[in-house]
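Engineer: Below is a structure I'd like to ask you about.
The values are calculated or read from the model by the stated rules, or taken from the named source; none is laboratory data. As the structure is a prediction and not an experimental result, all values here were calculated from the model. Methodologically, a virtual Cβ is constructed for each residue, glycine included, from the backbone with ideal geometry; neighbour enumeration extends over all protein chains shown. Side chains included, ligands, DNA and RNA excluded: accessible areas come from the protein's heavy atoms. Shrake-Rupley method; radii C 1.70, N 1.55, O 1.52, S 1.80 Å.
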Amino acid sequence: MSVSTRVDLALLGVRGRPPVTRTAGAGPSDDGHLVIDGLNAAIPRNPLSPYVFDGDRVLLDGVDTGLDVEAVDRPRFYDLTTHDGVRYEKLAKLHGRDVLATTVVQTCIRYDADQRCRFCSIEESLRSGATVAVKKPAELAEVAEAAVRLDGVRQMVMTTGTSAGRDRGARHLARCVAAVRAAVPDLPIQVQCEPPADLATITELYDAGARSIGIHVESLDDDVRRRWMPGKSTVPLDEYRTAWREAVRVFGRNQVSTYLLIGLGEDPDDVVDGARELIDMGVYPFVVPFRPHPGTLAVDVDSARAPDPAVVEKVSRRVAEHLQLAGMAGADQNAGCAACGACSVLQNVGG
Ligand code: SF4
């Protein structure tokens, strides 16, 4: 597959409904999950896309693109319910072919309209009834055990909305990790959170059993941060840098990552320079195209558009080159988005 087709798919999306999809939620969403050329691919669902997924193939203007495409089957664990009657599907989702993903707290202190990240819809899936506000550790342990046993899940991602406490949500993450590891000791888990104010919390996450961590900044440009993430930009970049360094010390080089979004109006050279700084620290920059989806302020208020495909490809290639020079690959992360790769094209270009 040409990289440009993969980039087009990441930006234009597909018509049709793959069996495994997600709608609103934390991070990139409103996509269908496929395996393309053997790699996970989370492709936006777009009724206006020139690409169609017909169940087996991806067609462009009615012609088979020849891509090696596999749909991810609806997992069996979705049909189960907890002892308390909560459907497992409301507690965690299958991402890609083998990643179990959950948002342990589905609310965020930054979700007021003038504070929230303009690309985020974390509370929309809660409003629609698709999920529950707080996942209990014991529930997640139950779901994870079933997902591994029934559906061959190989890693787990736990993210969280930000809480008002100094830990910014990390303590509940640690409780959830410990419960899942007790039930499924070999399941690698990545946790994702804002930099905790108390750095010792990073060690608590590791001691609970997490083996990778994402501390996601999305942009290293303070103007972009204030515009796109007014609430989150109040956490200074220096706090991120301190947290990343501590996380690398605790979790190891290339077991720490951060999202960097392409398409927030930043000069592409600056994105690459920022990625390089991160790589030098041992942090994997998961560069991901900004994905406009309804339910976010970016789309509903700003009418923001997806970035230029040529820019996405160029930035991804340049970041992948730096990763290769540093001997860092997403696939070498124990768990998490960089290991999954579906929301980025980095793995397609060797990152
Ligand atoms: S890259 Fe992360 S958010 Fe995207 S599908 Fe994979 S696990 Fe989910």
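Engineer: Only one residue in ARG97, ARG110 is of a type outside the set (Ser, Thr, Tyr), in contact (Cβ under 8 Å) with a residue 24 or more places away in the chain and within 15 Å of VAL20 (Cα to Cα). Which one?
Structural biologist: Details: ARG110 fails: within 15 Å of VAL20 (Cα to Cα).
Only one candidate passes the filter, namely ARG97.
Engineer: Against the condition of a type in the set (Val, Ile, Thr), open to solvent by 20 Å² or more (accessible area, probe 1.4 Å) and either within 15 Å of the ligand (Cβ to nearest atom) or within 18 Å of ALA179 (Cα to Cα) (or both), how does VAL105 come out, does it pass?
Structural biologist: Yes, satisfied.
Engineer: Which members of the range 267-288 meet the condition of being of a type outside the set (Phe, Trp, Tyr) and open to solvent by less than 30 Å² (accessible area, probe 1.4 Å)?
Structural biologist: VAL271, VAL272, GLY274, ALA275, LEU278, ILE279, GLY282, VAL283, PRO285, VAL287, VAL288
Engineer: Let me ask something additional. How many residues does the range 144-168 hold that are over 15 Å from the mean Cα position of the chain (by Cα) and farther than 16 Å from ALA335 by Cα?
Structural biologist: So the answer is 12.
Engineer: Looking only at the range 95-151, which residues are in a loop (DSSP other than H, G, I, E, B) and touching a Pro at 6+ places or on another chain (Cβ under 9 Å)?
Structural biologist: The answer is VAL104, ARG110, ASP114, GLN115, ARG116, CYS117, ARG118, PHE119, SER121.
Engineer: Now a separate question. Report, by residue number, each residue of the range 58-67 that is over 16 Å from ASP31 (Cβ atoms) and either open to solvent by less than 90 Å² (accessible area, probe 1.4 Å) or at pLDDT 90 or above (or both).
Structural biologist: LEU59, LEU60, GLY62, VAL63, ASP64, THR65, GLY66, LEU67
Engineer: I'm checking my understanding of the structure. Among residues of the range 12-42 that are among the β-branched types (Val, Ile, Thr) and not in a strand (DSSP E or B), which one is farthest from the ligand (Cβ to nearest atom)?
Structural biologist: Checked the range 12-42; the qualifying residue farthest from the ligand (Cβ to nearest atom) is THR23.
Engineer: For PHE77, only one of the following conditions fails: (1) open to solvent by 10 Å² or more (accessible area, probe 1.4 Å); (2) in contact with an Asp or Glu (Cβ under 8 Å, 6 or more places away or on another chain); (3) in a helix (DSSP H, G or I). What is its number?
Structural biologist: Of (1) open to solvent by 10 Å² or more (accessible area, probe 1.4 Å); (2) in contact with an Asp or Glu (Cβ under 8 Å, 6 or more places away or on another chain); (3) in a helix (DSSP H, G or I), only one is false for PHE77: (1).
Engineer: Restrict the check to the range 303-320 and report whether at least one residue is touching a Cys at 6+ places or on another chain (Cβ under 9 Å), surrounded by fewer than 24 Cβ atoms within 10 Å (Cβ to Cβ) and of a type outside the set (Val, Ile, Thr).
Structural biologist: Looking for residues that are touching a Cys at 6+ places or on another chain (Cβ under 9 Å), surrounded by fewer than 24 Cβ atoms within 10 Å (Cβ to Cβ) and of a type outside the set (Val, Ile, Thr), one finds none in the range 303-320, hence no.
Engineer: Next up: Can you pull out every residue in the range 293-314 that is out of contact with any Lys or Arg (no Cβ under 6 Å at 6 or more places or on another chain), more than 16 Å from the ligand (Cβ to nearest atom) and of a type outside the set (Gly, Ala, Ser)?
Structural biologist: Passing the criteria: PRO294, VAL299, ASP300, VAL301, ASP302, ARG305, PRO307, ASP308, PRO309, VAL311, GLU313, LYS314.
Engineer: Separate question: Within the range 320-345, which residues are aliphatic (A, V, I, L, M), out of contact with any Pro (no Cβ under 7 Å at 6 or more places or on another chain) and within 15 Å of the ligand (Cβ to nearest atom)?
Structural biologist: ALA329, ALA331, ALA338, ALA339, ALA342, VAL345
Engineer: Now a separate question. Would a scan of the range 108-118 turn up a residue that is over 25 Å from GLY231 (Cβ atoms) and either among the aliphatic types (A, V, I, L, M) or more than 16 Å from the ligand (Cβ to nearest atom) (or both)?
Structural biologist: No, every residue in the range 108-118 fails to be over 25 Å from GLY231 (Cβ atoms) and either among the aliphatic types (A, V, I, L, M) or more than 16 Å from the ligand (Cβ to nearest atom) (or both).
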